[in-house]
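Student: Mind having a look at this structure? Questions to follow.
The values are calculated or read from the model by the stated rules, or taken from the named source; none is laboratory data. The shown structure was predicted, so the numbers you read here are calculated from the model rather than taken from an experiment. We place every Cβ from the backbone using ideal geometry, glycine too, and count neighbours over all the protein chains shown. Calculation scope for accessible area: heavy atoms of the full protein, side chains included, ligands and nucleic acids excluded. Shrake-Rupley method; radii C 1.70, N 1.55, O 1.52, S 1.80 Å.
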Amino acid sequence: MAQTAEARTKQQNAAKDCPAPFFSRETTAAVRGIALVMMFVHHFFTFPEWWGEGISYPVLAALAPVFRNPLKLCVPVFCFLTGYFYAYRKDHSVRYSLRKISDLLLAYGSVFLIFAGTASFFLHYIYTPRAFFFELFGVSLYFPTMTFGWYVAFYALSMLLLPLVARMPSKHFHIDLLLSLLVFPFLMKLLLHAVGILSLRAMLQNLMTWFPVTLVGLITARYGLFERMDHAVRKIPVWSKKGARIMLLLLAVLVIPMGRTVADHVTLLFPPLPYIGKSPSIDISLDSVYSPLFLFALSSLLGEWGSGIPRRVLEGIGKLSPLMWFLSCGFFNNCKTIFQPLLYAPRNPVLVTLWGLLLCYAAAFLLDFGLSRLIRLKNRIL
């Protein structure tokens, strides 16, 4: 079987005790690009209640409950990649985490100020000082401007926890998995019961839901699970035939997200605790299974795909995915009366998706020109 350069790289990585990620930087960018496309379709068409006056897709509205959960797999994909690539860094210091957090906050804050200015000057939206600064730093309970801003606080808390996790001795896969999927959610659930501040509770809830997926990403890298999966599938007889291999990978990419419709979590119910009488329960998110399987299939499929204009487009989207994510808030926030009609102007769902990607990419490209220089200046100073 003829091997691509990426396939040879995978085997070399496996042979050297996994010193580098399973997929290349270019593949990673393309994966992020596909995840962002999934997110845009998820937001644009699976929440009919977000549509303004004059926007109607009756067929898509009926199908929205079916595809809402599968498309949301984009979120655990980003969470998984955070932990996965963190494992390959030599610098696990808090200083590095603070640099990454401040990088994201600058991007987020820049977009927030643009939308806040638009809402204030053109729509006469009034911010209280408290609401303005809380949303500016992503620690608000409500996000009228940055609709999807919850991820900023989650990312910051994750990056502050990862240095502690990375320093823990790791020799047993099953123990690491037990700590990630059972012990951490259980401790977070106890903490949630002790916290009364609603905004903090929301942040802890997001951390309890998504950080185990980040930890699974770390574990996947630490034990070379992608390399082991690659070694296992190569033993399948039909795998030697490129056509069959591509069909199997494509089928996996399409089917795995649908698993979230069937079951997105498993609940473990424990016996009543002494002196308390309550039966504690823990919800284990199945995204910890879906996201690595999806990423393995998707990265392998991209490896078969090779280079080309569609892939380069996806790589470009992936590189600007955080800014595009934040900019897409404008279609559903307190500026939606301005930006949402522009998004849905093409009317055809495929064209709307492409148009939304183009609008956000163009705005992100222009914004990144100055923002990247600001981030470099910040990092030199600090």
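Student: Over the alpha carbons of region 20-62, what is the largest minus smallest coordinate on each principal axis, giving the biggest first in Å?
Tutor: Cα spread of region 20-62 along its principal axes, largest to smallest: 49, 17, 11 Å.
Student: Along Cα→Cβ, 7 Å out, is where each label goes; now give me the distance between the ones at VAL183 and THR337 in nm to one decimal.
Tutor: Placing both labels 7 Å along Cα→Cβ, they lie 5.3 nm apart.
Student: Still on this structure, please answer the following. Figure the gain on full extension for THR267 and ASN379 (residue separation times 0.36 nm, minus the Cα-Cα span) and round it to one decimal in nm. Numbers along the way, then the final one.
Tutor: On the way: separation 112, 0.36 × 112 = 40.32 nm, distance 4.36 nm.
Contour length minus Cα-Cα distance gives 36.0 nm.
Student: Continuing with the same structure: Charges only on Cβ, +1 for Lys and Arg, -1 for Asp and Glu: so what's the dipole of region 29-98 about the Cα centre, in debye to the nearest 20? Don't skip to the end; give the middle numbers.
Tutor: Details: 6 positive and 3 negative charges, 88 e Å.
Around 420 debye, computed over region 29-98.
Student: A follow-up question, please. Using only Cα positions of the chain, each an equal point scatterer, no hydration layer, compute I(q)/I(0) via Debye at q = 0.11, 0.12, 0.13 Å⁻¹ and quote the log10 values to two decimals.
Tutor: Treating every Cα as an identical point scatterer, log10 I(q)/I(0) equals -0.87, -1.04, -1.22.
Student: Relative to the compact globular guide of 2.2 N^0.38 Å, what is the alpha carbon radius of gyration of region 336-382, as a ratio?
Tutor: So region 336-382 has a normalised radius of gyration of 1.64.
Student: Set the Förster radius R0 to 41 Å, insert the Cβ-Cβ distance between ARG89 and LEU60 as r into 1/(1 + (r/R0)^6), and round the FRET efficiency to 0.05.
Tutor: Working: r = 41 Å, r/R0 = 1.00.
The pair ARG89/LEU60 has a calculated efficiency of 0.50.
Student: Taking every pair of alpha-carbon atoms in region 55-148, what share in percent sits in each 5 Å bin, from 0 to the bin with the longest distance?
Tutor: Distribution as computed: 2, 10, 13, 14, 14, 14, 16, 9, 4, 2, 0 percent.
Student: Using a 1.4 angstrom probe on heavy atoms only, work out the carbon and sulfur share of the accessible area of the chain in %.
Tutor: Numbers: 13570 of 19590 Å².
So the carbon and sulfur contribution to the accessible surface is 69 percent.
Student: While we're on this one: State whether region 233-337 is rounded, prolate or oblate according to the following rule on the C-alpha gyration tensor (a ≥ b ≥ c being the square roots of its eigenvalues): a/c under 1.5 gives rounded; otherwise a/b larger than b/c gives prolate, and the remaining case gives oblate.
Tutor: Working: a/c = 3.46, a/b = 1.31, b/c = 2.65.
In terms of gyration-tensor shape, oblate.
Student: Beyond 16 Å, what percent of the Cα pairs of region 113-157 remain? Could the numbers behind the result be given before it?
Tutor: Numbers: 336 of 990 pairs.
Here the tail beyond 16 Å accounts for 34 percent of pairs.
Student: Multiply the residue gap between VAL233 and SER120 by 0.36 nm, knock off their C-alpha separation, and tell me the result in nm, one decimal place. Write down the numbers at each step before the final one.
Tutor: Values: separation 113, 0.36 × 113 = 40.68 nm, distance 5.57 nm.
Residue separation times 0.36 nm, minus the Cα-Cα distance, leaves 35.1 nm.
Student: Test of understanding: what is the full-extension gain from ARG312 to LEU161, defined as 0.36 nm times their sequence separation minus their Cα-Cα distance?
Tutor: Details: separation 151, 0.36 × 151 = 54.36 nm, distance 3.38 nm.
So the extension gain works out to 51.0 nm.
Student: Just from the alpha-carbon atoms, what are the Rg and Dmax of region 58-97 in angstroms?
Tutor: When restricted to Cα atoms, region 58-97 yields Rg and Dmax of 17.2, 51 Å.
Student: Give the long-range amide H neighbours of ILE284: residues separated by 5 or more places, or on another chain, with amide H under 5 Å away, using H modelled in the peptide plane at 1.01 Å from N.
Tutor: So ILE284 has HN proximity to VAL266, THR267, LEU268.
Student: Where only protein heavy atoms count, and the probe is 1.4 Å, what is the accessible area per residue for the chain in Å²? Show your work: numbers first, answer last.
Tutor: Working: 19590 Å² over 382 residues.
Result: 51 Å² of accessible area for each residue.
Student: Please list 262-269, 133-140, 195-202 highest first by mean number of surrounding beta-carbon atoms within 10 Å per residue. Intermediate results must be reported in sequence, preceding the final value.
Tutor: Values: 262-269: 11.2, 133-140: 18.8, 195-202: 12.8.
In decreasing order of mean packing, 262-269, 133-140, 195-202 become 133-140, 195-202, 262-269.
Student: For the pair TRP50 and LYS171, what calculated FRET efficiency results from E = 1/(1 + (r/R0)^6), where r is the Cβ-Cβ distance and R0 = 45 Å, to the nearest 0.05?
Tutor: Values: r = 47 Å, r/R0 = 1.06.
With R0 = 45 Å, the Cβ-Cβ based efficiency is 0.40.
Student: If you don't mind, another one. Hey, if we sort MET159, MET258 by accessible area with the 1.4 Å probe, largest down, what's the order?
Tutor: Working: MET159 5, MET258 65 Å².
Ranked from most to least accessible, the order is MET258, MET159.
Student: Here's something else I'd like to know. Can you list the aspartates and glutamates whose alpha carbon sits under 16 Å from that of LYS72, skipping same-chain ones fewer than 8 residues off?
Tutor: ASP264, ASP287
Student: Another question about this same structure. Compute the distribution of all C-alpha to C-alpha distances in region 102-229, in bins of 5 Å from 0, and list the percent of pairs in each, rounded to whole numbers.
Tutor: Final binned percentages: 2, 9, 17, 18, 15, 13, 10, 7, 5, 3, 1, 0.
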